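Each remark here refers to the structure printed beneath this line.
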2 protein chains.
Amino acid sequence: MGGNIAHSSGGPRCVKYGTTKDYVLNLEVVLADGSIIDTGANVLKNSTGYHLTQLMVGSEGTLGIVTKITLKLLPFPPYKSLLLASFSNAQMACACVPAIFEAGVQPSAIEFMDKKGVELSVKAQQIPFEFGEEQAYLLIEVDAFSETELLPQCEKIYGSLEAHQVLNVLLAEDHESKEKFWRIRRSIGEVVKQHSIYKEEDAVVTRSYLPDLYEGVKGIAEQYGFETVCYGHAGDGNLHINILKLDLADAIWQNELPKAIRSIFELCKQYGGTISGEHGIGLVQKPYLDIVFNQKHFELMRGIKNSFDPHWILNPGKIFDRA
Amino acid sequence: MGGNIAHSSGGPRCVKYGTTKDYVLNLEVVLADGSIIDTGANVLKNSTGYHLTQLMVGSEGTLGIVTKITLKLLPFPPYKSLLLASFSNAQMACACVPAIFEAGVQPSAIEFMDKKGVELSVKAQQIPFEFGEEQAYLLIEVDAFSETELLPQCEKIYGSLEAHQVLNVLLAEDHESKEKFWRIRRSIGEVVKQHSIYKEEDAVVTRSYLPDLYEGVKGIAEQYGFETVCYGHAGDGNLHINILKLDLADAIWQNELPKAIRSIFELCKQYGGTISGEHGIGLVQKPYLDIVFNQKHFELMRGIKNSFDPHWILNPGKIFDRA
């Protein structure tokens, strides 16, 4: 979808370290008329004029071309624990996510995976994996600057898991196990692609509404007869919803899919959220932007676009139309 | 200077927790024509359209009136250590600031105070305080979720202090001492006000240039015959420079002060920085904005202002003029 710095694929990320935009301190940008500006300065704090840096991040190449980025760096925490928790009830897994934060832990990642995604992933990669009655998983990572800081965090997480009817918890004992767990998670996107024609949505809601979102999505899928694979950055309230075509007739897929997607995004809005957490809007999500933005919001964005790119020559047609 | 959410006074803040704007997830804004928008959504991640939330933060009431704010919250770290370190050389104190971060510590605050500021503060508040040959101080706070995490951080800080010719380090042993140290720091702004007519600048530079900024500011002050008190959020590269009128003739103050300020801000620009770290621009810093922004930058900001407030009725005259 082009130009969205906030996007990267599959890896862990979480509110603990903020979102990508929080790391961008300054940008050198070439504008539509060929002139060059620094959007900010190479400083950690800046209250000098409008925040053009943050306006540029996520603008998907429609306001200018970024030619230099100054990022804030943080020390790397060398110690990590990784837990894979299974649940017989997917909503319960979702409900456990905010509970972990409420217990005072700030995990470096909480990733949700439903059973279908894990099944496809381990099968495609021939990873030995035992399935029981579980319907969903949470992959939870905590990090620290000393080993002694890990255990108290894990204990709090165990408490939250137990309070949410966890079936089983696997602690990755060594580097190899950690890699295995992460490989299962990271491959889901790719294996879904190989499995079926699909459409991925990048839903994001207020974290406490994750169980409602999950339940709602499954209800909508059932209504339209679609199979879905859900996974993603649950710690951020961000769920990737892959809708699979499988054996559905082309006509159903083409006619019914946009309706199902609209229903899903209306749910996101209802639960405090919006239609893209990290993937951006581009061309594909453009038809759904009216769900979250009123006419005035479009006017403001068009006004900004007009000031930056009066002839609309930069990445034309992306995010919203000229009128 | 109005409307700048990023501003708060005197307390500690540091890159560890990001800047204020990073906590603002969503805003309800009343626009110039009376219409109302949500700039974003109540979510931790959002890649849906332009980042109007971050554009609004720090726009000083010129783009709309904020009527609701959704903030991200982090758990409060209950354990803190506070150190007051003195240096015979103020540049050395400044040079120690980036060294502490390079040692792998992320303090919750590093505040710089030159001797004059501490002298005025303890005298005004009748705080018993012994002075020796020191010329500047660093007040350094670290925080943690367990007491055992504090000592390793303090040890690293001691290492950096010793490598920068520290004279003396006082560890605040109890709540009362911590309060005393913070009171000295927090009162400087007020006591300077009582002491003399003054002008405060909110300089911010790339952290590693703090010693150069300090040396440059003192040189400029000497050149113009001004006395200065420097203090502030050194951990953020943010230094408040108070220029004192004292017994100077009104004519000198009025004619020479703007030249001195321009020289200081040109230094900030030279050292990767800008003219306001947290106080904003308002009316007072407006004449200096051309130091950091080119004509195109002003055009873009005017274009944004035009889309949000076509009749320029919101906080008129602030930050920049209509043409």
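Here are some notes:
- Filtered residues of segment A:289-312 (kept if out of contact with any strand residue (DSSP E or B) (no Cβ under 9 Å at 6 or more places or on another chain) and without any contact (Cβ under 8 Å) to a residue 60 or more places away in the chain): A:L289, A:D290, A:Q295, A:F298, A:E299, A:M301, A:R302, A:G303, A:N306, A:S307, A:W312
- On the stretch given as segment A:63-75, residues that are within 22 Å of the chain's Cα centre (by Cα) and of a type outside the set (D, E, K, R) total 3.
- Test: residue in segment B:133-142 that is surrounded by fewer than 13 Cβ atoms within 10 Å (Cβ to Cβ), under 18 Å from B:F87 (Cα atoms) and assigned by TED's automatic domain parsing to the domain that holds B:A103: yes
- Residue that is farthest from the chain's Cα centre (by Cα) [pool: residues in segment B:117-144 that are at negative phi and among the polar types (S, T, N, Q)]: B:Q125
- Within segment A:106-136, tally of residues that are closer than 20 Å to A:Y209 by Cβ and in contact with a Ser or Thr (Cβ under 9 Å, 6 or more places away or on another chain): 4
- Residue check, B:V57 at pLDDT 95 or above, open to solvent by less than 10 Å² (accessible area, probe 1.4 Å) and outside the structural domain of B:E173 (by TED's automatic domain parsing): yes
- Of all the listed residues (A:E162, A:E227), the sole one being at pLDDT 95 or above, open to solvent by 30 Å² or more (accessible area, probe 1.4 Å) and outside the structural domain of A:K116 (by TED's automatic domain parsing) is A:E227.
- Scanning segment A:195-220 for residues that are surrounded by fewer than 23 Cβ atoms within 10 Å (Cβ to Cβ), within 14 Å of chain B (Cβ to nearest Cβ) and β-branched (V, I, T) yields a count of 1.
- In the set (1) open to solvent by 10 Å² or more (accessible area, probe 1.4 Å); (2) within 16 Å of the chain's Cα centre (by Cα); (3) more than 14 Å from every other protein chain (Cβ to nearest Cβ), A:I188 fails one condition alone, (1).
- Residues in segment B:18-61 that are more than 7 Å from chain A (Cβ to nearest Cβ), of a type in the set (A, V, I, L, M) and assigned to a loop (DSSP other than H, G, I, E, B): B:A32 alone.
- Just one residue in the set A:A260, A:A251, A:A221 is over 30 Å from B:L73 (Cα atoms), free of Cβ contacts under 8 Å to residues at least 40 places away in the same chain and under 22 Å from the mean Cα position of the chain (by Cα); that residue is A:A221.
- Taken together, the residues in segment A:291-315 that are assigned to a loop (DSSP other than H, G, I, E, B) and within 25 Å of the chain's Cα centre (by Cα) amount to 4.
- Note on segment B:234-290: residues that are open to solvent by 10 Å² or more (accessible area, probe 1.4 Å), not in a helix (DSSP H, G or I) and not aromatic (F, W, Y) amount to 9.
- Filtering segment B:221-241 to residues that are more than 14 Å from every other protein chain (Cβ to nearest Cβ) and of a type in the set (D, E) leaves B:E222, B:E227.
- Residue in segment A:295-316 that is open to solvent by 50 Å² or more (accessible area, probe 1.4 Å) and within 20 Å of A:E200 (Cα to Cα) present: no
- Only listed residue being touching a helix residue (DSSP H, G or I) at 6+ places or on another chain (Cβ under 6 Å), of a type in the set (A, V, I, L, M), more than 28 Å from B:I281 (Cα to Cα) and open to solvent by 10 Å² or more (accessible area, probe 1.4 Å), chosen from B:L44, B:L82, B:L71: B:L44
- Test: residue in segment A:9-17 that is open to solvent by less than 30 Å² (accessible area, probe 1.4 Å), modelled with pLDDT under 95, at the interface with chain B (Cβ under 8 Å from one of its Cβ atoms) and assigned to a helix (DSSP H, G or I): yes
The values are calculated or read from the model by the stated rules, or taken from the named source; none is laboratory data. As the structure is a prediction and not an experimental result, all values here were calculated from the model. Every residue, glycine as well, gets a Cβ built from its backbone with ideal geometry; the counts of neighbours run over all protein chains shown. Remember, those area values only see protein heavy atoms, side chains included, never the ligands or the DNA or RNA. Shrake-Rupley method; radii C 1.70, N 1.55, O 1.52, S 1.80 Å.
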